[in-house]
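The values are calculated or read from the model by the stated rules, or taken from the named source; none is laboratory data. What you are looking at is a predicted structure, and each value in this text was computed from that prediction instead of being measured. We place every Cβ from the backbone using ideal geometry, glycine too, and count neighbours over all the protein chains shown.
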């Protein structure tokens with residue numbers, strides 16, 4: 001695969017504040033790259049650099065081999081962006097919004113009219129094409145926002161929390177449309193707080209925290225970093241059980257929330273061993289479950305559990 005996007009040691013400072021620090025990764029053509037991070041981690045700053053809105057303080061970004069600079073119109077034609085804040089005009093109809101943004105990129109005539117109609121249908125707004133955007137629901141506006149980002153036919157689509165705060169139907173339509181676009185060859189960078197969306201969509205994931213890229217790998221490799229957990233809760237003393245569990249090679253036993261968490265690479269095999277030890281020690285069992293590793297656990301492990309504003 002050829003690299004459509006190359007981010008090389010990119011840093012960004014605002015005075016003494018270091019928003020990004022030596023971030024490096026690449027996104028190949030056709031990739032579905034998830035970018036995750038807590039609030040204030042640097043995601044929006046990075047996306048602003050990728051979309052020609054900010055200049056990095058250090059390092060460089062290349063898209064299709066061309067160094068990205070603020071205001072570079074050639075690069076902007078290659079990139080579509082769906083920002084967190086809606087970028088549509090309430091006073092215009094859905095059709096007029098798409099036509100306006102298409103004309104900004106020099107499109108016109110029958111080609112633009114056909115593209116606008118196709119996009120309206122793709123995001124489920126063809127029946128409301130001539131209604132003002134200002135009367136749309138939040139979900140409809142999000143769908144129109146997605147269509148606006150696609151009107152000029154970009155090669156790289158940047159989605160910054162595209163489904164936040166929308167109704168389930170609109171969220172599902174947006175997600176399915178992004179999947180369809182990727183199957184047709186569009187390269188995707190997707191930021192969201194919905195881990196299940198990243199797990200369903202993305203083949204590679206980067207996790208950014210406090211301006212640093214703390215992990216970047218395939219989804220499968222990231223999840224393999226975390227062990228599974230067997231959760232045990234008892235009615236009474238667990239001292240004998242804990243002692244026996246700590247003798248088992250490969251088990252890491254911690255006391256948490258009134259129970260025991262036993263971390264192990266193979267949680268299903270560990271479950272069998274735990275059940276046997278519960279019986280051997282006559283421990284009064286109240287609750288038992290396994291927790292397979294997932295992206296959310298990886299994310300919390302790498303970035304911490306505290307809420308950040």
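Before moving on, here are some points about what is shown:
- Residue 38, sole failed condition from (1) at pLDDT 90 or above; (2) buried (at least 19 other Cβ atoms within 10 Å of the Cβ): (1)
- Residues satisfying the stated conditions in the stretch 127-139, i.e. at pLDDT 95 or above and in a helix (DSSP H, G or I): 127, 128, 133, 134, 135
A quick yes/no check of all residues on (1) in contact with a helix residue (DSSP H, G or I) (Cβ under 9 Å, 6 or more places away or on another chain); (2) at positive phi; (3) at pLDDT below 90; (4) in the same structural domain as residue 59 (by TED's automatic domain parsing):
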| residue | (1), (2), (3), (4) |
| --- | --- |
| 153 | yes, yes, no, yes |
| 170 | yes, no, yes, yes |
| 186 | yes, no, no, yes |
| 196 | yes, no, yes, yes |
| 205 | yes, no, no, yes |
| 209 | yes, no, no, yes |
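- Restricting the stretch 79-97 to residues that are modelled with pLDDT under 95 and in a loop (DSSP other than H, G, I, E, B), the residue that is surrounded by the most Cβ atoms within 10 Å (Cβ to Cβ): 83
- Residue 41 being touching a helix residue (DSSP H, G or I) at 6+ places or on another chain (Cβ under 9 Å) and either in contact (Cβ under 8 Å) with a residue 40 or more places away in the chain or in the same structural domain as residue 215 (by TED's automatic domain parsing) (or both): yes
So that you can scan it fast, the table gives a plain yes or no per residue for (1) under 27 Å from residue 39 (Cβ atoms); (2) surrounded by fewer than 12 Cβ atoms within 10 Å (Cβ to Cβ); (3) without any contact (Cβ under 8 Å) to a residue 60 or more places away in the chain:
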site: 227; (1), (2), (3): no, no, no
site: 240; (1), (2), (3): no, no, yes
site: 249; (1), (2), (3): no, yes, yes
site: 257; (1), (2), (3): yes, yes, yes
site: 266; (1), (2), (3): no, no, yes
site: 278; (1), (2), (3): no, no, yes
site: 287; (1), (2), (3): no, yes, yes
site: 293; (1), (2), (3): yes, no, no
site: 296; (1), (2), (3): yes, no, no
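- Only listed residue being under 21 Å from residue 185 (Cβ atoms) and outside any strand (DSSP E or B), chosen from 30, 71: 30
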